[in-house]
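Take a look at the structure below.
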Amino acid sequence: MSHDFESGFFVQTPPWHGLGTVLPDAPQTSLEAVTAAGLNWEVSKEPMEAVVSVNGIYRAVGVPDHYAVIRRKVENGITRLDSLGVVGQQYRPIQNIDAFSFFDRVVQTGMVDYHTAGSLKGGRIIWALARIHGTMRIAGDDVVDKYLLLTNSHDGSSPVHIAFTPIRVVCANTLAMALKNASSDRRLSIRHTACAAARIRDVVEYLAGCNARFDDSAEAYRFLAQRSIHAAELTRYLLSLFPDPEEGALRNRARANREKVSARFERGFGTDLTGASWWRAYNAVVEFIDHDRNQNNADARVHSAWLGQGMQLKQQALTSALQLAA
């Protein structure tokens, strides 16, 4: 499998993405977590220069308002320098220890434990996933755990994101949150600006309503679990998510995606816990996104499922299932 994964950890039980090394116990502080994940390095913003040849002599020319994000990582006593991205004048680097620091306050409450952390894309994206105590029981033995996901980019591609993330235990599906209205957002974003550090310190306020948000999602999941789905409805549902475009190659891809989701619906994880329900159909879509897409690149699969097109498709799948099942 090809990916740029460098380092990371998971506690006791491997997460679905399978990246990282096993720790017997969860880290208790942000410093312990950063160290265990191999993220104890720093980044800086440096002025950019272009090297130009003039009559065979190379000269450096400044590039106004453009800066390189440089990582300094010590390996075997030698400082290694890596360029992670190009950013603008207003960008402020957020160090890994600072991004993780808000977890210190919530871990101290005894309500949250680190679960996994690491880096993607050669250090350009870092993450921490922490489990919130308590579960959501959907039907019988089918339960969903509650997590907080923090991600940060060092290449200027995204702000710090902190999100509530439900994960279905039986199959480790990373689910979308149920949103009551369009203005409600499950994600908190902190831009890389001068005030970013202060916002991260105050972010614990964001957690105040976490159980209410998870309760809303559990209610939506239970509704789907109680609603039966027929073959014609499943076909309509999958066509709403993977419609047939005019171009032949894209149409074949959409058909292949629908077939893979249908296979997950018939033989996927957790099918023994639920009948032919909309909950089963929705989880078939999530399993396809988490486990089947980008098979040759674990980084791309994880990034898409958590932050990119995959997560957008999960949200669309949940919204569509709730509408069609009503």
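Summary table
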read-out: Residue satisfying all of: in the stretch 268-288; at pLDDT 90 or above and not in a helix (DSSP H, G or I); farthest from W306 (Cα to Cα) among these; value: A276
read-out: Index of the failed condition, G248 passing every other in (1) farther than 30 Å from I126 by Cα; (2) within 23 Å of the chain's Cα centre (by Cα); value: (2)
read-out: Lone qualifier among H133, H161, H154 - being more than 21 Å from G308 (Cβ to Cβ) and either of a type outside the set (K, R) or not assigned by TED's automatic domain parsing to the domain that holds F269 (or both); value: H133
read-out: W278 being aromatic (F, W, Y) and over 12 Å from T174 (Cα atoms); value: yes
read-out: Pair list, Cβ < 8 Å and 6+ apart or interchain, from the stretch 164-192 residues that are under 30 Å from D272 (Cβ atoms) and aromatic (F, W, Y) to residues that are part of a loop (DSSP other than H, G, I, E, B) and modelled with pLDDT under 85; value: F164/R186
read-out: Among (1) at negative phi; (2) in contact (Cβ under 8 Å) with a residue 12 or more places away in the chain, the one test that G270 misses; value: (1)
read-out: Number of positions in the stretch 219-267 that are of a type outside the set (S, T, N, Q), at pLDDT 85 or above and farther than 17 Å from A176 by Cβ; value: 22
read-out: When residues of the stretch 45-93 are limited to those that are touching a residue at least 40 places away in the same chain (Cβ under 8 Å) and of a type in the set (G, A, S), the one farthest from S119 (Cα to Cα); value: G88
read-out: Residues of the stretch 152-164 satisfying the condition of being in contact with a Leu (Cβ under 6 Å, 6 or more places away or on another chain) and at pLDDT 90 or above; value: H154, D155
read-out: The lone exception for D4 - which of (1) modelled with pLDDT of 95 or more; (2) within 19 Å of the chain's Cα centre (by Cα) it fails; value: (1)
read-out: Criterion violated by D65 - all others in (1) surrounded by fewer than 18 Cβ atoms within 10 Å (Cβ to Cβ); (2) in a strand (DSSP E or B); (3) at negative phi satisfied; value: (3)
read-out: Restricting the stretch 30-52 to residues that are in contact with a Lys or Arg (Cβ under 8 Å, 6 or more places away or on another chain) and part of a strand (DSSP E or B), the residue that is surrounded by the most Cβ atoms within 10 Å (Cβ to Cβ); value: V43
read-out: Candidates F223, F214, filtered to the one that is within 19 Å of Q312 (Cα to Cα), assigned to a helix (DSSP H, G or I) and hydrophobic (A, V, I, L, M, F, W, C); value: F214
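Residues checked against (1) acidic (D, E); (2) loosely packed, with under 13 Cβ neighbours inside 10 Å; (3) in a helix (DSSP H, G or I):
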residue: S240; (1), (2), (3): no, no, yes
residue: L250; (1), (2), (3): no, yes, yes
residue: A254; (1), (2), (3): no, no, yes
residue: A263; (1), (2), (3): no, no, yes
residue: E266; (1), (2), (3): yes, yes, yes
residue: D290; (1), (2), (3): yes, no, yes
residue: L322; (1), (2), (3): no, no, yes
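Listed here are the residues, each with its yes/no results for (1) of a type in the set (F, W, Y); (2) within 16 Å of V143 (Cα to Cα); (3) out of contact with any Cys (no Cβ under 9 Å at 6 or more places or on another chain).
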position: D216; (1), (2), (3): no, yes, yes
position: F242; (1), (2), (3): yes, no, yes
position: L250; (1), (2), (3): no, no, yes
position: R267; (1), (2), (3): no, no, yes
position: F288; (1), (2), (3): yes, no, yes
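The values are calculated or read from the model by the stated rules, or taken from the named source; none is laboratory data. Not measured: the values here are computed from a predicted model. Virtual Cβ from ideal backbone geometry, glycine too; neighbours counted across all protein chains shown.
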